[in-house]
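J.: Sharing a structure with you now.
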Amino acid sequence: MEKIKMTTPLVEMDGDEMTRILWKMIKDELLLPFIDLNTEYYDLGLEKRNATNDQITVDAAEAAKKYGVAVKCATITPNAARMEEYDLKEMWKSPNGTIRAILDGTVFRVPIIVKGIEPYVKTWKKPITVARHAYGDVYKATEIKVPGPGKCELVYTGTDGTEIRETVHEFKEAGIAQGMHNLESSVESFARSCFSYAVSQKQDLWFATKDTISKKYDHYFKDTFQEIYEKEYKEEFERLGIEYFYTLIDDAVARVVKSEGGYIWACKNYDGDVMSDLIATAFGSLAMMTSVLVSPHGYFEYEAAHGTVQRHYYKHLKGEETSTNSMATIFAWSGALRKRGELDKNEALINFADKLEEASLKTIEAGKMTKDLALITTLENPAVLSSESFIKEIRNTLEELLHAV
């Protein structure tokens, strides 16, 4: 069959370790044989970020703004051990944090549901979408080590000379301190993204923070959501018969575990980071979750929400066989290709993205899967496949689906 043409590039951000290996396998087996792939490529592997003083991450984000659609592989956020392992110039910030700060918006993460993989929480019948704010908080925080006794202050100096000064703590000994921030425009766009998504999905929206403790910072989020809901979305929610409500994060956790799913759970940046991993794992596997950053400016960035699978990468380097689940990375590609097709009115590309996802699900439902799923499946006698064999089985199913059209 003739390869599908792409009229506009999408931005391709390569990554690190085992997910980088999977990235190439997916392209070679599931994309390049069927699509005349048109991407603007950026290597966000740690070595390249280090060599460019992380400028390549900024360049990739700016390209995403230019073309509107990006797809990103998992990347390393270095710690002290990685500094030594990769001989880094400095401890570079999270690429995801940098990209999200430039694009703004909200990350929506939805579990990939497949027959034979049952949620650990028995009441869950429908997917739970986690809407994660994509700017600020601890990811843009300034931190200091306090060397000894002294006063730590939080100071704001306005351009007009206005000053606000608050004591963080009177230190009697050494310690640590952290200053976080957020922006009015970003919090408002987060709220609108969540409400708009709830309307498009016709699902209830929950929002949870800890305003009883954080009486200014978290309360600001709570008040912003409520004001925008009342002014802009209440009538539409009532017309659709869906609900918006706010609750404390600890109450939300209890509600989630007792629910049947089928709603959107909006969280601040850190809460969303943690809770989306919890939701993904409880539905089956960290590798079974889609993730897309939706910017209010019309940019979309699709990614695998999990890490770089370091342990499998070290096995791979030794020549040992791995069985790494590539579903989240495959769905990152399918999501980006579908959105590119929608924006370009390219029906062939949209159809291919649909078929790629269908083939991936059908392969698992046929009992062919990676080890993480084989350990928890309710299907009898599953075939445990290697990383590469799993992708090749998906290709076989994909070719059958494409030829059946």
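Coordinate-derived values only; no laboratory data. It should be emphasised that the depicted structure is a prediction, and the values quoted were computed from it without experimental measurement. Using ideal geometry, Cβ is built from the backbone for each residue, glycine included, and neighbour counts are taken over all protein chains shown.
J.: Once you've got the GNM for the chain with C-alpha springs shorter than 10 Å, pick whichever of Lys89, Lys345, Lys368 has the biggest mean-square fluctuation.
T.: Lys89
J.: Can you put Val110, Val309 in order of Cβ neighbours within 10 angstrom, beginning with the fewest? Before the final figure, lay out each step's value.
T.: Details: Val110 22, Val309 26.
Fewest to most other Cβ atoms nearby, the residues stand as Val110, Val309.
J.: Most fluctuating residue of Arg165, Arg311, Arg395 in a GNM of the chain with Cα springs under 10 Å: which is it?
T.: Comparing Arg165, Arg311, Arg395 in the GNM, the peak value goes to Arg165.
J.: GluC sites (Glu not before Pro) within segment 168-238: which are DSSP loop residues with at most 15 other Cβ atoms inside 10 Å?
T.: Values: sites: Glu170, Glu173, Glu184, Glu188, Glu227, Glu230, Glu232, Glu235, Glu236, Glu238; in loops: Glu173.
Answer in residue order: Glu173.
J.: Using only Cα atoms and rounding to the nearest 10 degrees, what angle (0 to 90) does helix 327-344 make with the longest principal axis of the chain?
T.: Roughly 90 degrees, rounded to the nearest 10.
J.: Tell me, in nm to one decimal, what length is gained between Gln310 and His297 on full extension, where the rule is 0.36 nm per residue of separation less the Cα-Cα distance?
T.: Values: separation 13, 0.36 × 13 = 4.68 nm, distance 3.44 nm.
Length gained between Gln310 and His297: 1.2 nm.
J.: Sort out for me the Cα centre separation of segment 205-226 from segment 253-283, rounded to whole Å.
T.: Taking the Cα centre of each part, segment 205-226 and segment 253-283 sit 17 Å apart.
J.: Then there's this: Per the Cauchy relation, a quarter of the hull surface: what is the mean projected area of the convex hull of the alpha carbons in the chain, in nm²? Present the calculation step by step, with values, prior to reporting the outcome.
T.: Working: hull surface 92.7 nm².
For the chain, averaging the hull's shadow over all directions gives 23.2 nm².
J.: Comparing Phe190, Phe390, Phe245, which has the greatest mean-square fluctuation in the GNM of the chain with Cα pairs linked when under 10 Å apart?
T.: Evaluated over the chain, the most mobile residue of the options is Phe245.
J.: Let me ask you something else. What is the dipole size for segment 43-160, taken about its Cα centre, with +1 at each Lys and Arg Cβ and -1 at each Asp and Glu Cβ, in debye to the nearest 20? Each step should come with its number before you reach the end.
T.: Values: 18 positive and 15 negative charges, 160 e Å.
Dipole about the Cα centre, nearest 20: 760 debye.
J.: Given charges of +1 on the Cβ of Lys and Arg and -1 on the Cβ of Asp and Glu, with all other atoms neutral, how large is the dipole of the chain about its Cα centre, in debye to the nearest 20?
T.: Working: 50 positive and 64 negative charges, 99 e Å.
Value, rounded to 20: 480 debye.
J.: Report, in degrees rounded to the nearest 10, the 0 to 90 angle that the Cα long axis of helix 249-258 makes with the longest principal axis of the chain.
T.: Between helix and principal axis, roughly 30 degrees.
J.: Three principal axis extents, largest first, for the C-alpha atoms of segment 92-245, in Å?
T.: So the extents along the principal axes, rounded to whole Å, are 57, 40, 31.
J.: Select from segment 362-405 those GluC sites (Glu not before Pro) which occupy a DSSP coil region and have at most 13 other Cβ atoms within 10 Å, ordered by residue number. Could you put the intermediate results ahead of the total?
T.: Working: sites: Glu365, Glu380, Glu388, Glu393, Glu399, Glu400; in loops: Glu380.
Sites meeting the loop and neighbour criteria: Glu380.
J.: Which number do you get for Rg(Cα) / (2.2 N^0.38 Å) in segment 27-130? Write down the numbers at each step before the final one.
T.: Details: Rg = 17.8 Å, N = 104, 2.2 N^0.38 = 12.8 Å.
Ratio of Rg to 2.2 N^0.38 Å for segment 27-130: 1.38.
J.: List residues of segment 29-72, by number, whose backbone nitrogen lies under 13 Å from a label position 7 Å along Cα→C-beta of Glu342.
T.: It comes to 69-70, nothing else.
J.: Exposure proxy check: Met1, Met327 ranked by fewest other beta carbons within 10 Å? Before the final figure, lay out each step's value.
T.: Working: Met1 9, Met327 27.
Ordered from fewest to most neighbouring Cβ atoms within 10 Å, Met1, Met327 come out as Met1, Met327.
J.: For the chain, what does the relative contact order come out to in percent, with C-alpha contacts under 8 Å and a separation of six or more?
T.: Value for the chain: 21 percent.
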